[in-house]
Amino acid sequence: MQTRSEQTRQALVRATAELIAEGRVHDAGLVNICRRAGVSRGALYHHFSSTTELTAAVYDQARGWLVALMDEAFEVSPTDAPERFFVALGAAMRTEKTVRAGIQLAADGTDARPSLRDELLALVHQRVVEAYEESIVPSAQDLADLTVVVAAGIESLGHADPGWWEVKASQRLWEMLRPLFSAARGRRA
């Protein structure tokens, strides 16, 4: 059971994430955050020294969530790991405002580069290269680049059309990509 202080802190993080996910980083100003969270300015400053520190907390939560999704996707068989990651990313983008907001943020809580999106795509690239490093054609680098392009597309296109975050969209894309990844895995064996 969370203490009242923990509940207030989480309400502030959730309110900030909602404002960013529904609009822009700049929409998460002091007044809007406090109003959305139903707390006073004093409560915000009791938990965070600034709104930037608060948006950094959104980044931290989103990063933890996305890294866990990636770890889970790649922990079993790497052959279908990109599909598992695409499906998990789409679901998180569709249902979790903290992820949708955090992916826009840098570690310092600003909307500067590199953002969590940049970091996530680099991590996905690294994971695919590691999983397919002995593949020749397509090379592990090519497969990793393709995975990054598809993950970035799912993330970006879903902001305009949330249908891209649906499981069916990820599965449809993976059906087209599976032969490339399977062929590369087969050559490793």
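The values are calculated or read from the model by the stated rules, or taken from the named source; none is laboratory data. Predicted model, so just to flag it, every value in this text is computed and none were measured. Cβ sites come from the backbone with ideal geometry, for glycine too, and all protein chains shown count toward neighbours. Side chains are part of the model used for accessible areas, which takes the heavy atoms of the whole protein and leaves out ligands, DNA and RNA. Shrake-Rupley method; radii C 1.70, N 1.55, O 1.52, S 1.80 Å.
Can you name the residue in the range 39-51 that is open to solvent by 20 Å² or more (accessible area, probe 1.4 Å) and in contact with a helix residue (DSSP H, G or I) (Cβ under 7 Å, 6 or more places away or on another chain) and, of all such residues, is nearest to D111 (Cα to Cα)? So that I can check it myself, show each step before the final result.
Filtering the range 39-51 down to residues open to solvent by 20 Å² or more (accessible area, probe 1.4 Å) leaves 39-43, 45-47, 49-51.
Restricting the remaining residues to those that are in contact with a helix residue (DSSP H, G or I) (Cβ under 7 Å, 6 or more places away or on another chain) gives 39-41, 43, 47, 51.
Numbers: V39: 25, S40: 25, R41: 23, A43: 24, H47: 21, T51: 13 Å.
Top of the filtered list is T51.
Exactly one residue out of R100, R84 is basic (K, R), within 20 Å of G64 (Cα to Cα), in contact with a His (Cβ under 9 Å, 6 or more places away or on another chain) and crowded, with 19+ Cβ neighbours inside 10 Å, and it is R100.
Selection of the range 111-155 for residues being of a type in the set (V, I, T) and touching a Phe, Trp or Tyr at 6+ places or on another chain (Cβ under 9 Å) yields V124, V128, T147, V150, I154. Residues that are touching a residue at least 12 places away in the same chain (Cβ under 8 Å) and surrounded by fewer than 19 Cβ atoms within 10 Å (Cβ to Cβ) within the range 138-147 comprise P138, Q141, D145, L146, listed in sequence order. Cβ-Cβ distances below 6 Å connect the following pairs, each with a first residue in the range 83-98 that is closer than 22 Å to R178 by Cα, a second residue that is open to solvent by 20 Å² or more (accessible area, probe 1.4 Å), and a separation of six or more residues or different chains: V87/V167; A88/L69. Just one of (1) in a helix (DSSP H, G or I); (2) buried (at least 18 other Cβ atoms within 10 Å of the Cβ) fails for S135. It is (1).
Among the candidates R24, R36, R14, R63, the residue that is surrounded by fewer than 16 Cβ atoms within 10 Å (Cβ to Cβ) and of a type in the set (K, R) is uniquely R24.
When you scan the range 154-176, how many residues do you find that are of a type outside the set (F, W, Y), in a helix (DSSP H, G or I) and open to solvent by 20 Å² or more (accessible area, probe 1.4 Å)?
Start the filter on the range 154-176 by keeping residues that are of a type outside the set (F, W, Y), which leaves 154-163, 166-173, 175-176.
Next, from what is left, pick out any that are in a helix (DSSP H, G or I): 154-160, 162-163, 167-173, 175-176.
Next cut, open to solvent by 20 Å² or more (accessible area, probe 1.4 Å) only: 156-157, 159-160, 162-163, 167-168, 171-173, 175-176.
The total comes to 13.
Taking the criterion of being more than 18 Å from A68 (Cβ to Cβ) and surrounded by 14 or more Cβ atoms within 10 Å (Cβ to Cβ), the only residue of the range 113-124 that qualifies is S115.
Restricting the first member to the range 1-30 and to residues that are at pLDDT 95 or above, and the second to residues that are polar (S, T, N, Q) and open to solvent by 50 Å² or more (accessible area, probe 1.4 Å), the beta-carbon pairs closer than 6 Å and six or more apart or on different chains are L19/N32. What do you reckon, is E130 acidic (D, E), within 18 Å of A73 (Cβ to Cβ) and at pLDDT below 90? Answer is yes for this residue.
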